[in-house]
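Below you'll find the structure, written out as structure tokens, and then a few comments.
Read-outs: derived from the displayed coordinates by stated rules, not from any lab. All values derive from a computational prediction rather than experimental measurement. Because the Cβ atoms are built from the backbone with ideal geometry, glycine has one as well, and the counts that use them run over all protein chains shown.
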Amino acid sequence: MLNVTIPRDVKVKLENFMDHFKGFEKVSIVKEIFGDDAEKVLSELKVEFCHFRKGFMWICDDDGHLVVSVCYLKRGNERDIYLDVIHEFVHVRQFMDGKELYDDHIDYVKRPTEIEAYEFTVREARRIGMTDAEIFEYLKTDWITADEEKKLAKTLGVRISK
Ligand SMILES: [Zn+2]
């Protein structure tokens, strides 16, 4: 027998997204993602700041809250963080629509939920003036290979840089 007590059902500390991230409800692509409900959805969105060293931000598929790495907020490039938030917003909407966000049976770069999220992100990246080379650079992540990145870029109509 172990003479210790381990809590098995702890609550994660969640905060209001809009207490920390300002102005997103006014961005036009956000209104496109959530429609007329944009402000309402964001006012109800919860965020969890976590200390994982790996990863950037993602949606918890239990209840649809946003999880953001504290390290990434500290060290990440502001434009990347901005685009990641837009990307995650698309997943928030997909979650609200009852879609399965992380279907491991489909490759990441072919998963319809990811393609849709990236389509919005790439459009927003172009709107804020990023070049295809910069967008291609943004698409690089730890969890996809160089070949997969090219595949994703092709799907999204982003010109591939070497
Ligand atoms: Zn995603």
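Remarks
- Subset of the range 135-162 that is within 16 Å of the chain's Cα centre (by Cα) and among the β-branched types (Val, Ile, Thr) - its residue that is surrounded by the most Cβ atoms within 10 Å (Cβ to Cβ): Ile135
- Residues that are of a type in the set (Asp, Glu), more than 19 Å from Asn16 (Cα to Cα) and within 15 Å of the ligand (Cβ to nearest atom), drawn from the range 50-96: Asp80
- Filtering the range 99-147 to residues that are outside any loop (DSSP other than H, G, I, E, B), more than 13 Å from the ligand (Cβ to nearest atom) and free of Cβ contacts under 8 Å to residues at least 24 places away in the same chain leaves Arg126, Glu134, Ile135, Ala146, Asp147.
- Among the residues of the range 122-133, those identified as under 15 Å from Ile81 (Cα atoms) and surrounded by 16 or more Cβ atoms within 10 Å (Cβ to Cβ) are Val122, Glu124, Ala125, Met130.
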